[in-house]
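So the structure is just underneath, and the comments pick up after that.
The values are calculated or read from the model by the stated rules, or taken from the named source; none is laboratory data. Remember, it's a predicted structure, so these values are computed and weren't measured experimentally. When we count neighbours, we look across all protein chains shown, and the Cβ atoms used for this are built from the backbone with ideal geometry, even at glycine.
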Amino acid sequence: MKHYFLISLFVVMCFSVSLTSLITDSTISIEQVGDGYVEKEENLESYFNKLSYFVTRESKPVLKVDTRELIQSKSASGKIFNFYGPVGIAYSKSSEPIAYKAENGTYTFNDNVLVLKNEVEVKTTSSNMRSDKVIYQIEQDKIEGFGNVKTNTLIQQTLDLINVKSERFDSYPNKKLIYFYEKVKGKVERKKKYEESVKFSSNTLKLDLPINKISLNGDVFINKGNLKTWAKSGEMFLENYNKRLKYFSLYDDVRVEENLLIDGRSVLRKAFGERLEGFTSLDRLVLTGYPKVYQEGDVIKGNKITLRINNEVVEVDDANTRFKLK
């Protein structure tokens, strides 16, 4: 009777328990047989259901995942683990936890690379990143995202929220750098709702969190309220929104358009130059590099031109101005 009780207890436990596997340099292989699991001597492929899976290297955590199903196999590159419905945490080289979830995933043990596919979401301490596919090269501290990229990043110093969409990104969690590529567009949302958001787009973008700076390259566009600006490249200094310092700079083939209300009339002001500095706290734009302004039929030129945002006033240094008389 005692032996019968122990055998029955073992079968019940094998049927109901969620397996937890600690994988290091040596693994076991288990095959489901009926209601239980038996060890396979071939050690070629293993199947697990409702699994909590851990990886450690040199006593440091590398990967944790809870998954509906895991299939372990071997290839020329070593052990490979395929996950279905993975939710877990990966750890950067500085042991920063990086949460993730996806529909499917693969972890290559020898290369220390995690690949996630379909409805992928990755969270670092400052960013939430979504895409169709992610490759996390843990040893290189590099997260690559592909397809339908959507990210939200919180700027700790200002509590601004940086929303970016693109087709691809590279993130380096330890360095706190994110690069965006292809069809980049986004918005800086201010914490104070009465302060206007700033929209932007470009071919590529670099978000440098240690210095709170955005660098834009290729077909750059920045929009704040009625103000629209274009250039080949530009920068945004995220801590300077309310400071008497430049908040953004644009370089090469700069173009400005602003709709003004003058005496009850809507007037489109256009300006051109090679360099533009925007001071949001002062509501001023400073144009240099052969600048010129077109406003109500007037053409204004000078070495440096200062525009007051939402104001018809134009300040000119060393003016060479031609007025169109009516």
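The residue list Tyr53, Tyr37 contains one member that is part of a strand (DSSP E or B) and at pLDDT below 65, which is Tyr37. Scoring Lys243 on the criteria (1) out of contact with any Gly (no Cβ under 7 Å at 6 or more places or on another chain); (2) at pLDDT 90 or above; (3) in a strand (DSSP E or B); (4) not polar (S, T, N, Q) leaves a single failure, condition (3). Only one entry in Tyr251, Tyr247 is under 20 Å from Phe279 (Cβ atoms), touching a Phe, Trp or Tyr at 6+ places or on another chain (Cβ under 9 Å) and touching a residue at least 12 places away in the same chain (Cβ under 8 Å), namely Tyr247.
Could you tell me how many of the residues in segment 252-304 are among the polar types (S, T, N, Q), surrounded by 15 or more Cβ atoms within 10 Å (Cβ to Cβ) and either outside the structural domain of Lys232 (by TED's automatic domain parsing) or in a strand (DSSP E or B) (or both)? Before you say what the answer is, go through the steps one by one.
Step one: list which residues in segment 252-304 are among the polar types (S, T, N, Q), which gives 259, 266, 280-281, 288, 295, 303.
From what's left, surrounded by 15 or more Cβ atoms within 10 Å (Cβ to Cβ): 280, 288, 295.
From what's left, either outside the structural domain of Lys232 (by TED's automatic domain parsing) or in a strand (DSSP E or B) (or both): 288, 295.
Result for segment 252-304: 2.
Determine which member of the set Thr124, Thr151, Thr108, Thr158 is surrounded by 15 or more Cβ atoms within 10 Å (Cβ to Cβ), in contact with a strand residue (DSSP E or B) (Cβ under 8 Å, 6 or more places away or on another chain) and under 25 Å from Phe221 (Cβ atoms).
On the way: Thr124 fails: under 25 Å from Phe221 (Cβ atoms); Thr108 fails: under 25 Å from Phe221 (Cβ atoms); Thr158 fails: in contact with a strand residue (DSSP E or B) (Cβ under 8 Å, 6 or more places away or on another chain).
The conditions single out Thr151.
Are there strands (runs of 3 or more DSSP E) fully within segment 150-227 with at least 2 residues that are in contact with a Lys or Arg (Cβ under 6 Å, 6 or more places away or on another chain) and within 28 Å of Lys117 (Cα to Cα)? List them. Steps first, answer last, please.
Working: elements: 161-172, 177-189, 198-208, 213-224.
Passing ranges, in order: 161-172, 177-189.
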